[in-house]
Amino acid sequence: MPIFSVLKKNDMQKIVFLFLASCVLSVTNAQQKTLTIEDAMINARTTLAPENLRQLQFIKGTNEYVYLKKINGIDTWMKGDFKSSGENVFLTLADLNNKLRGASLDTLATLPPMQLFNDKWVVSIKGQKLAISATGNDVKTLVSKSISGKGNVEESADGFVAYLDSFNLFVSKNGDSKKVTEDGSIDIVYASTVHQSEFGITKGTFWSNNGKSLAFYRMDQSMVPGYPIIDWTKRPAKSENIRYPMAGDKSHHVTVGVYNAVNGNTTWLKVHGPAEQYLTNIAWSPDDRYIYIAVVNRGQDHMWLNQYDAASGNFIKTLFEETDNKYVEPLVPVLFVKNNPGQFIWQSKRDGWNHLYLYKSDGTLLKQLTSGSWEVLEVKGFDEKGEYLFYVSTEESPITKNLYRLNLRSGNTKRITEGYQVHNTSVSADGNYVIDNFSSPQNPKTIRIIETKSGKTKTLLQSANPLADYNLGQLSIFKIKNNEGTDLYCRLFKPVQFDSSKKYPVIVYWYGGPHAQLILNGWNGGAGDYWFQYMAERGYVVFTIDTRGSGNRGRAFEQSIFRKAGEAQMEDMMSAVKYLKTQSFVDAEKMGLFGWSYGGFMTTDFMLNHPGIFKTAVAGGPVMDWKYYEIMYTERYMDTPQENPDGFESTNLVKQVGKLKGKLLLIHGLQDPVVLQQHSVLFVRAAIDKGVQVDYMIYPGHEHNVLGKDRAHLYQKVTDYFMQNLP
């Protein structure tokens, strides 16, 4: 007999009421979940990240796209195209294992990351890189297991592989390795990034288009003193020296070699000028006869785009020069027009904004391709014929990214992506289709295919809100004016269950330095994690500002910091403080400041020069005295200590520690090779000498950023500090 049949009517009503109440309560609770620190810092990039299509890519050489999808819990490559309504299975684990068995190789338990071409699949398996035929059973080794574990491995189009072993450069093909250099050491560095990875330098080897010749860097840093980085895991601890050229001191000497992998000869480019200059933005001509280098003087106010003969190393000519009374900073090599070797494109901020210029190969300027008070952010490539160029810019807004197509002949442009959002795109080889991955503060992620000619779209994914079940603070993005009338972008998270009649403590996060932009009109306002929401759940207003000095706002906006780092940023922060104090919900007596790296410098600088405004601050990896920072970055923005003694004196925070009021927590990675720990140590020593109290936290085993699972520990430390001092 059913139990309900023996209950009285009143009892039945009570049970139904309690059941319904429990359902409402469970739904309410489901919608009021609270982020943990692991959610905010770790899961934000995994289980709480917007849904994605893994490894989405065009099959190279086609307009077909592929991505990884789980079918019955097993990863499977799916394939589709713009004109088809759905996708079909392209490659399964069983298919891949059949190919491997046919080549007498070990099979796999899961599908590895792959780069897919029309005729082959390129994959790294158990320490070797393979090219697996898409149609037959042929498996070719691109990088052997014995080489893949070496340093700076780079393949060429002709099957050669360059790599480092015991400081020296080797080139290998079909198992035959040849030693290219003999004198490599900690002092003589080959085939690696140089100039502290400034000027857009990300590697040290550059294969020619035909894959038979290799341009490579040689850096002599014997004149730069060794700097100790302590490995605390050893018993006893061990000092491992790095070479770190500090502002105003001796700099390393860089040259460029060219190795002919066919005949084994090495030629050195005859680069004129002083030894202490910068050789940047290396590029080959389409016929591989010439190498182009943007040579920058140590003062970084003069650039020569030079052409060299690759075979003889002889200097051919200077195509053009660029100068600036503050600094120049070439970041992108020449890009030759597809199917037109007589023309190339150059990126420059010569008119105040990063734009594209079309040149003849002899250095004759044909025309400026883009113009306006906005920045070209990235060039994506050409269409099949080379008639159109695709680029990403901020033309719509400094906080959005959109893809445009430019007709090189007429100069006409067409916007390919739509909406006041942040678009990350990839273009098919023929330029007919675009994969568009975009978001906004309201839209976690949309992925679609765009047909460039018609503008028609096909949606592949609309991500659900991964935070739908969480109780979140309200996000807003807006502009304020600084004291010069310049627009400054701001981002604000209001506390959860915001009550406009209450006053809330405030945490301000900033950076303020070049090549960084914190605020974007994308998911989460451009923030890469959910810590701001985490703090909003705990009753804080969380505010961010991109001050002058920040990236993607033009040359004048950035160069406002020249020779006086911090001044313009602190003025802009005062504008932000003024704005915050006009908000009725802000408790101006409970405000905290937080920044990392350049932001750590700015945070400490502001606490010392505007004492009392912020009661508590956290400065991570902070520069405390620019004399102790590296040459290339420091001298670009500050000149040398000898040339700008007043600027270096005013930014020496160690000498100003006596002005500190309020609580300050310093955090430093113990193995930081970027902002050396000496910065914060000297500041602490000065604080002791002055009787000033500061707090200090180290992260052993971490360099300039605290990554991995320890990042949650770091942000719990920061959270606890603010909650203790700004309750």
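The values are calculated or read from the model by the stated rules, or taken from the named source; none is laboratory data. These numbers come from a predicted model, not from an experiment. Backbone-built Cβ (ideal geometry, glycine too); neighbour counts: all protein chains shown.
Residue check: Gly528 meets all listed conditions (1) closer than 30 Å to Gln57 by Cα; (2) in contact with a Lys or Arg (Cβ under 7 Å, 6 or more places away or on another chain); (3) surrounded by fewer than 21 Cβ atoms within 10 Å (Cβ to Cβ) but one, namely (2). Set side by side, the residues Glu276, Glu329 differ, and just one is farther than 24 Å from Ser156 by Cα, touching a helix residue (DSSP H, G or I) at 6+ places or on another chain (Cβ under 7 Å), in contact (Cβ under 8 Å) with a residue 24 or more places away in the chain and acidic (Asp, Glu), which is Glu329. If you go through region 371-413, how many residues are touching a Phe, Trp or Tyr at 6+ places or on another chain (Cβ under 9 Å) and either touching a residue at least 24 places away in the same chain (Cβ under 8 Å) or part of a loop (DSSP other than H, G, I, E, B) (or both)? Count: 30.
Taking region 201-243 as the region of interest, how many residues are small (Gly, Ala, Ser) and under 30 Å from Ala311 (Cβ atoms)?
Of region 201-243, the ones small (Gly, Ala, Ser) are 204, 208, 211, 213, 215, 222, 226, 237, 239.
Subsequent filtering for residues that are under 30 Å from Ala311 (Cβ atoms) retains 204, 208, 211, 213, 215, 222.
Counting residues in region 201-243 that are small (Gly, Ala, Ser) and under 30 Å from Ala311 (Cβ atoms) gives 6.
The residue pairs whose first member lies in region 457-472 and is touching a residue at least 12 places away in the same chain (Cβ under 8 Å) and in a strand (DSSP E or B), whose second member is crowded, with 17+ Cβ neighbours inside 10 Å and among the polar types (S, T, N, Q), and whose beta carbons are closer than 6 Å, counting only pairs six or more residues apart or on different chains, are Gln462/Thr446. Does at least one position in region 88-109 carry a residue that is in a loop (DSSP other than H, G, I, E, B) and closer than 29 Å to Gly455 by Cβ? There is no residue in region 88-109 that is in a loop (DSSP other than H, G, I, E, B) and closer than 29 Å to Gly455 by Cβ. The set of residues from region 328-339 being on the phi < 0 side of the Ramachandran plot and assigned to a loop (DSSP other than H, G, I, E, B) comprises Val328, Glu329, Pro330, Leu331, Val332, Pro333, Val334, Lys338.
Against the definition (surrounded by fewer than 19 Cβ atoms within 10 Å (Cβ to Cβ) and assigned to a loop (DSSP other than H, G, I, E, B)), how does Phe478 come out, yes or no? No, not satisfied.
The rows are residues; the columns are (1) in contact with a Cys (Cβ under 7 Å, 6 or more places away or on another chain); (2) in a loop (DSSP other than H, G, I, E, B); (3) more than 30 Å from Asn471 (Cβ to Cβ); (4) hydroxyl-bearing (Ser, Thr, Tyr).
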residue	(1), (2), (3), (4)
Asp39	no, no, no, no
Ala44	no, no, no, no
Leu48	no, yes, no, no
Glu51	no, yes, no, no
Gln55	no, no, yes, no
Thr62	no, yes, yes, yes
Asp75	no, no, yes, no
Lys83	no, yes, yes, no
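When region 187-236 is filtered for residues that are of a type in the set (S, T, N, Q) and not in a loop (DSSP other than H, G, I, E, B), the ones remaining, listed by number, are Gln196, Ser197, Thr205, Ser213.
When the criteria are applied in full, Asn118 meets the requirement of being touching a Ser or Thr at 6+ places or on another chain (Cβ under 6 Å) and surrounded by fewer than 20 Cβ atoms within 10 Å (Cβ to Cβ). Does Ser239 count as of a type in the set (S, T, N, Q), closer than 22 Å to Leu676 by Cα and not assigned by TED's automatic domain parsing to the domain that holds Phe648? The answer is yes for Ser239. If you scan region 605-639, which residues turn out to be buried (at least 24 other Cβ atoms within 10 Å of the Cβ), touching a Gly at 6+ places or on another chain (Cβ under 8 Å) and not in a helix (DSSP H, G or I)? Listed by number, the residues that qualify are Phe614, Ala617, Val618, Ala619, Gly620, Gly621, Pro622, Val623.
Region 113-167 holds strands (runs of 3 or more DSSP E) entirely within its bounds, and those carrying 1 or more residues that are in the same structural domain as Asn63 (by TED's automatic domain parsing) and more than 30 Å from Thr181 (Cβ to Cβ) map to 114-116, 120-125, 128-133, 139-143.
Of all residues being in contact with a strand residue (DSSP E or B) (Cβ under 8 Å, 6 or more places away or on another chain) and outside any strand (DSSP E or B) in region 340-352, which is surrounded by the fewest Cβ atoms within 10 Å (Cβ to Cβ)? Just the residue, please.
From region 340-352, those in contact with a strand residue (DSSP E or B) (Cβ under 8 Å, 6 or more places away or on another chain) are 342-351; that's our starting set.
Filter once more, keeping what is outside any strand (DSSP E or B): 349-351.
Numbers: Lys349: 21, Arg350: 16, Asp351: 14.
Only one residue fits best here, namely Asp351.
Summed over region 401-416, residues that are under 22 Å from the mean Cα position of the chain (by Cα) and buried (at least 21 other Cβ atoms within 10 Å of the Cβ) total 3.
Return a yes/no flag: does region 378-389 have any residue that is surrounded by fewer than 17 Cβ atoms within 10 Å (Cβ to Cβ), at pLDDT 95 or above, in contact with a helix residue (DSSP H, G or I) (Cβ under 8 Å, 6 or more places away or on another chain) and not basic (Lys, Arg). The answer is no, given that none of the residues of region 378-389 is surrounded by fewer than 17 Cβ atoms within 10 Å (Cβ to Cβ), at pLDDT 95 or above, in contact with a helix residue (DSSP H, G or I) (Cβ under 8 Å, 6 or more places away or on another chain) and not basic (Lys, Arg).
I'm told Leu682 meets every condition in (1) touching a residue at least 40 places away in the same chain (Cβ under 8 Å); (2) outside any loop (DSSP other than H, G, I, E, B); (3) more than 23 Å from the chain's Cα centre (by Cα); (4) under 21 Å from Val506 (Cβ atoms) except one. Can you identify the failing condition by its number? If we test Leu682 against (1) touching a residue at least 40 places away in the same chain (Cβ under 8 Å); (2) outside any loop (DSSP other than H, G, I, E, B); (3) more than 23 Å from the chain's Cα centre (by Cα); (4) under 21 Å from Val506 (Cβ atoms), just (4) comes out false. Restricting Tyr509, Tyr504 to residues that are crowded, with 22+ Cβ neighbours inside 10 Å and either out of contact with any Gly (no Cβ under 7 Å at 6 or more places or on another chain) or not charged (D, E, K, R) (or both) narrows the list to Tyr509.
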